[in-house]
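Working notes, beginning with the structure itself.
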Amino acid sequence: MKILLISPKYENTFWNVKEVLKIVGKKTAYPPLALLTIGAMLPKEWEKKLVDLNCEKLKDEQIKWADYVFISAIVGQKESTKKVINIVQKMGKIVVAGGSVFTTGWEEFSNADSIVLGEAEDIFPELLEDLKNGTPKKLYSCDKYPDIKKTPIPDWNLVRLSNYNSVCIQLSRGCPFNCEFCDVVHLNGRIPRTKSKKQIIAELDSLYNLGWYGGVFFVDDNFIGNKAILKKEYLPAIIEWQQKRKYPFTLSTQVSINLADDSELMKLMINAGFSTVFIGIETPDPDGLEECGKFQNKNRNLVKSVKKIQNAGFEVNAGFILGFDSDKASIFQNQIEFIQKSGIVTAMVGLLNVSPKTRLYERLKKTNRLIEKKPGNENELSVLNFIPKMDPDELIEGYSKVITTIYSPEYFYKRVKTFLTEFQPTKLKTPKIRFYYIRALFSSIFLLGLIKSGRHYYWNLFFWSLFNKPGLFPYAVGLPLGLLHFRKLAWVQQYYSYYRNI
């Protein structure tokens, strides 16, 4: 049996920083972990190939070679997924599709031949048997969450790791919180399920033995969802592994803001090699947090919490949302001020999007406030799929103001300086000089210091860092590269908002 695994293209979002990655010689951010794991679950005697459309083009010969084509995707790959399905089916091949974009809205892809709803571990044996017999069903699903202790090590040999800026592994699935707009609870449950300590060490070994040196992103829904077991078992094991090998990996993950409340946990994560965390801040407005059920963010000074995490040695990236029913006209300036005060350099601000299978979806459906996106506009950052309480024009114009402001050179470089003032990294190793570090340095100087607008802000930060924070100089020249991507997104939003009102 021959299986072709395809990862569709990511759309133009905050997460898809391909323009920046080109500068350091990388093709995309992360390899397709789901497909690499599925590849490892296939029978050993089956032939398999993987095509990541973020790194290479799909060729007719590859499709012709396959007996079945597997596609896995998330919502940020939706439009590319539709195109791939059509191409594959026109060539007479059967498509087996899975991933969160199908689990939460498979009806939109009803032309796919077989669709796997949910996690694959308990579903896969039945699917494989049907494929062997040539009798695949339309839908496969399971009414319980699988034990991920039986999940295999991803088959890294299916991709060229040098194409990627970082690699991914997963320790747990599920999140103890149930935010109204989030579909994680539907997808993975509220009780975090964990792999064994032995599994995680084996996955780290598999990457190390392949010669990987660099970033490892733990893609857990909430890495600190089970603090007790993390502190007792997993982090001490990761610390020991990293120390023995002189810290070959720089780790990152997603956490909730209550990380700031646990100094012991932060210290353990730092000692394990974690340097960056992504946090869902969403809004500085208490009414907005109450509305969306983001109770872990309430009754605290969010700026102080962020700074406490930065002081511990983490770079904090964060997500923000505009469009809650409780949002007033003041929310736009409040978001800007919060982002600037917190020193969150990578602030991903988006309009509220209603995902199927969420509590928000059900609430708005009952009041007839859901709308369908117009064909052809799916890639626009500002397309709403619901009727907001605020006037839509005011909401979109306010959103445009926020991202064009925070990603203007003046505000961006000021934010980098704020972050570097708070940031207190722990030196765990002396990093090896890599060619792409040097490439990033000269690209930063050339593109931002000599060509792009806002050059004086760049040089102000450059020399401020050299004289005041010399140990953080790599951040002073590296972080601004993100501006190349974020300013492009801001320009697209401004362009769209302008022509929307003509």
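The values are calculated or read from the model by the stated rules, or taken from the named source; none is laboratory data. In this text the structure is predicted, and so the values were computed from the model without any measurement. Every residue, glycine among them, receives a Cβ derived from its backbone with ideal geometry; neighbour counts consider all protein chains shown.
Overview of results
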{"quantity": "Residues located in the range 355-365, provided they are at pLDDT 95 or above and in contact with a helix residue (DSSP H, G or I) (Cβ under 8 Å, 6 or more places away or on another chain)", "calculated": "T358, L360"}
{"quantity": "Verdict on K49 being outside any helix (DSSP H, G or I), in contact with a strand residue (DSSP E or B) (Cβ under 7 Å, 6 or more places away or on another chain) and of a type in the set (D, E, K, R)", "calculated": "yes"}
{"quantity": "Residue count for the range 116-157, restricted to those that are charged (D, E, K, R) and free of Cβ contacts under 8 Å to residues at least 24 places away in the same chain", "calculated": "6"}
{"quantity": "Hits in the range 343-363 - residues which are within 23 Å of Q310 (Cα to Cα) and in a loop (DSSP other than H, G, I, E, B)", "calculated": "G343, I344, V345, T346"}
{"quantity": "Unique match (being modelled with pLDDT under 95, surrounded by fewer than 15 Cβ atoms within 10 Å (Cβ to Cβ) and more than 28 Å from the chain's Cα centre (by Cα)) among F446, F442", "calculated": "F446"}
{"quantity": "Hits in the range 283-310 (condition: in contact (Cβ under 8 Å) with a residue 60 or more places away in the chain and outside any loop (DSSP other than H, G, I, E, B))", "calculated": "E291, C292, F295, Q296, K307, Q310"}
{"quantity": "Unmet requirement for Q243, which otherwise passes all of (1) within 30 Å of E362 (Cα to Cα); (2) of a type in the set (S, T, N, Q); (3) assigned to a helix (DSSP H, G or I)", "calculated": "(1)"}
{"quantity": "Which listed residue is assigned to a loop (DSSP other than H, G, I, E, B), modelled with pLDDT of 95 or more and surrounded by fewer than 20 Cβ atoms within 10 Å (Cβ to Cβ), from G313, G319", "calculated": "G313"}
{"quantity": "Selected residue (criterion: surrounded by the most Cβ atoms within 10 Å (Cβ to Cβ)) from residues of the range 380-400 that are over 24 Å from the mean Cα position of the chain (by Cα) and not hydrophobic (A, V, I, L, M, F, W, C)", "calculated": "G398"}
